[in-house]
Amino acid sequence: MQVAIVKYGAGNVYSVVHALRRVGVEPILTDDNEIIRQSDRVIFPGQGEARTTMQSVRKQGLDKLIPQLTQPVLGICIGQQLMCARSEESGGTDCIGIFPDTEVLRFQPRSEKDKIPHMGWNTVAKVSTPLLGEGAYFYFVHSYYVPVTSFTIATCEYCGVPFSAAMRRDNFFATQFHPEKSGAAGEKLLRNFLELTL
């Protein structure tokens, strides 16, 4: 099985490489559109700021390529956010639009206890996907979130706001949390993604 990790200037990609090695896969970290197109699985990970990362995505033609992919695709963290229609980060940024009519919003703290970014372990709920289990703990690091939509397949809550911990549309899956940093639960999710049949 050929697994491509999309290289587009976002941070945190090497932890995804190491996580896949732990589950027995040697991935290809690539910015080659043809390799991405021909791979059996594609992972679109990263940490970063919406406008800068979208500039890289457009420069590489990924905004056109990724929506055309028919194999299973997994977006992680900023990958999930960039798969939405728009982010309010950086004064507003148009994104790829795989999840249409979805806008990424910034958390608004309700009190001094609400720290931004949301960082640390949290459980997911309302799970409707074979990728992960109800109540599993995953590791989050993010200041922006996707509200719950018709594409939401798992939820979490922070600052009193329920948000999309995971999303799906057809062959496109995405998580706000970092499976590569989430121990056994994260490794199970990656294994499930690799074994997925659509």
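One table, with the values for the structure above:
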item	result
Kirkwood-Stokes translational diffusion coefficient of region 55-155, alpha-carbon pairs, 10 °C, 1.306 mPa s, µm²/s	106
Rounded to the nearest 20 debye, dipole of region 88-198 from Cβ charges on Lys, Arg, Asp, Glu	300
Cα lying deepest toward the dipole's positive end in the chain, options GLY11, PRO45, ALA185, charges on Cβ	ALA185
Relative frequency of Cα-Cα separations exceeding 24 Å in the chain, percent	33
Rounded accessible area per residue of region 29-139, 1.4 Å, Å²	48
Spin-label zone in region 101-122 - amide nitrogen under 16 Å from a point set 7 Å from the Cα of GLU49 along the C-beta vector	106, 117
Relative contact order (%) - criterion: Cα under 8 Å, at least six apart; region: region 81-198	20
Three-way shape call for region 98-155 based on the alpha-carbon gyration tensor, with the a/c threshold at 1.5	oblate
Residue-by-residue Karplus 3J(HN,Hα) for region 51-68, coefficients 6.51, -1.76, 1.60, Hz, glycine and proline x	5, 5, 5, 5, 4, 5, 4, 5, 4, 8, x, 6, 5, 8, 5, 4, x, 8
Gain upon complete extension [VAL23, ASP63; 0.36 nm per residue less C-alpha separation]	11.5 nm
Local electrostatic count, THR93, Cβ distance below 15 Å [Lys/Arg +1, Asp/Glu -1]	-1
Projected area averaged over orientations for region 118-198, convex hull of C-alpha atoms, nm²	4.9
Antiparallel %, DSSP beta bridges [both residues in the chain], to 5	60
Cross-link pairs beyond the 20 Å C-alpha cut-off, checked among LYS115/LYS188; LYS126/LYS188; LYS126/LYS181	LYS115/LYS188; LYS126/LYS181
Net +/- balance of residues flanking ILE116 in space, Cβ distance below 15 Å, scoring K and R +1, D and E -1	-2
Gained length - SER143 relative to ALA125, 0.36 nm times residue gap less alpha-carbon distance	4.5 nm
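The values are calculated or read from the model by the stated rules, or taken from the named source; none is laboratory data. Remember, it's a predicted structure, so these values are computed and weren't measured experimentally. Here Cβ is always computed from backbone atoms with ideal geometry, including for glycine, and neighbour counts include all displayed protein chains. SASA here: full protein model, heavy atoms, side chains in, ligands and nucleic acids out. Shrake-Rupley method; radii C 1.70, N 1.55, O 1.52, S 1.80 Å.
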